[in-house]
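Some notes on the structure that comes next.
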Amino acid sequence: MRQIASRDNARFKALRALAADPRGHGRAMADGIHLVATCLARGVAIRQLLVSESGQHHPEVAALLRGATGLDCLCLRDSLFRELSGVTSPIGIAAVIDIPPAPAELSPGDAVLLEAVQDAGNVGAILRTAAAAGVRNVLLGPGCAGAWTARVLRGGQGAHFSLDIREQVDLPAALAGGAATAVATVAHGGKSLYELDLGGPVYWLVGNEGAGLSAELVAAAKIRATIPLAAGTESLNVAAATAICLFEARRQRAAGAGGIAARP
């Protein structure tokens, strides 16, 4: 295992540049025991394993290293690993992986379209929810947090490897060519989510944490949906709202709902 102890090391500089701009380098850093284990279990090609000096003595990290024979592995001083991770107290293992190319076409079924969702924790949680709800397609428009940044990967907890993720997507154009019904999620003024029949494929439009969806995307949607809230409350976290919508559709389909339409 090669050692890196200096910030001036060329390999460390390259890793720091990759961590700052995963998409620009075509590679991402999956940080933590769960993500590295998921990569190994899913057969994700690992270009390099990174471990911290203290992390290599962690029992679970040591077990992963024993099962990752033949991989290029670097051991970094704890302070250097912490700088790459961005976590105050990282466990001390990460994998450098290739960012998969986006498929040319959407998979059949639902999709989640994010417009300027800027918080990495929210994007990661939405990816995790989409995978759990069986929604394969996730489209990120301009202004969204990068899907393959370390924070979003940690929030996704391995969901990335079950999804078809596209970034910097022209969302109105994607709607125009889509075969599903577009539903704009709005805080107020839409039909109650629970009054919709969500049996058919849906493209869920999810907007910015503060501003919501743009007028253009709301106008492009066939239906506007609002989640009824208790009196005295104004809104939900965007990731929580997305989860409610996706699992309401899943619930209805499990119960044998028909095609999508607003119930009278």
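A few points about this structure:
- Within the stretch 119-147, the set of residues being over 15 Å from HIS160 (Cβ atoms) and touching a strand residue (DSSP E or B) at 6+ places or on another chain (Cβ under 7 Å) comprises just one member, GLY141.
- Taken together, ALA125, ALA94 contain a single residue that is more than 13 Å from the chain's Cα centre (by Cα) and outside any loop (DSSP other than H, G, I, E, B), which is ALA94.
- Residues in the stretch 20-40 include at least one that is at pLDDT 95 or above, under 22 Å from ARG151 (Cβ atoms) and among the polar types (S, T, N, Q).
- Test for SER6: is it surrounded by fewer than 19 Cβ atoms within 10 Å (Cβ to Cβ), not assigned by TED's automatic domain parsing to the domain that holds THR149 and not acidic (Asp, Glu): yes
- Unmet requirement for SER79, which otherwise passes all of (1) under 20 Å from ALA147 (Cα atoms); (2) part of a helix (DSSP H, G or I); (3) not aromatic (Phe, Trp, Tyr): (1)
- Flag if ALA104 is without any contact (Cβ under 8 Å) to a residue 24 or more places away in the chain and either on the phi < 0 side of the Ramachandran plot or touching a Lys or Arg at 6+ places or on another chain (Cβ under 9 Å) (or both): yes
- Filter result for the condition that a residue is among the aliphatic types (A, V, I, L, M) and part of a helix (DSSP H, G or I), over ALA147, ALA131: ALA131
- GLY210 vs. criteria free of Cβ contacts under 8 Å to residues at least 60 places away in the same chain, in the same structural domain as ILE244 (by TED's automatic domain parsing) and outside any helix (DSSP H, G or I): yes
- Selected residue (criterion: surrounded by the fewest Cβ atoms within 10 Å (Cβ to Cβ)) from residues of the stretch 124-178 that are under 20 Å from LEU217 (Cα atoms) and touching a residue at least 60 places away in the same chain (Cβ under 8 Å): GLY143
- Of all residues in the stretch 153-188 being assigned to a loop (DSSP other than H, G, I, E, B) and not small (Gly, Ala, Ser), the one that is nearest to SER107 (Cα to Cα): LEU163
- Restricted to the stretch 1-61, the set of strands (runs of 3 or more DSSP E) holding at least 3 residues that are in contact (Cβ under 8 Å) with a residue 24 or more places away in the chain and more than 17 Å from ALA159 (Cα to Cα) comprises 2-4, 46-52.
- Tally of residues being within 17 Å of VAL183 (Cβ to Cβ) and either in the same structural domain as ASP21 (by TED's automatic domain parsing) or of a type in the set (Ser, Thr, Tyr) (or both) across the stretch 93-107: 0
- Filtered residue count, the stretch 92-115, keeping only those that are at pLDDT 95 or above, aliphatic (A, V, I, L, M) and either more than 19 Å from ASP21 (Cβ to Cβ) or surrounded by fewer than 16 Cβ atoms within 10 Å (Cβ to Cβ) (or both): 5
- Which listed residue, of THR181, THR226, THR185, is touching a residue at least 12 places away in the same chain (Cβ under 8 Å) and touching a His at 6+ places or on another chain (Cβ under 8 Å): THR226
- Extreme residue, modelled with the lowest pLDDT, among residues of the stretch 220-264 that are of a type in the set (D, E, K, R) and in a loop (DSSP other than H, G, I, E, B): ARG263
- Among the residues of the stretch 52-67, none qualifies, meaning not one is surrounded by fewer than 13 Cβ atoms within 10 Å (Cβ to Cβ), within 25 Å of ILE165 (Cα to Cα) and not assigned by TED's automatic domain parsing to the domain that holds ALA159.
The values are calculated or read from the model by the stated rules, or taken from the named source; none is laboratory data. The model shown is predicted, which means the values in this text are computed figures rather than measured ones. Note that we place each Cβ from the backbone using ideal geometry, even for glycine, and neighbour counts take in every protein chain shown.
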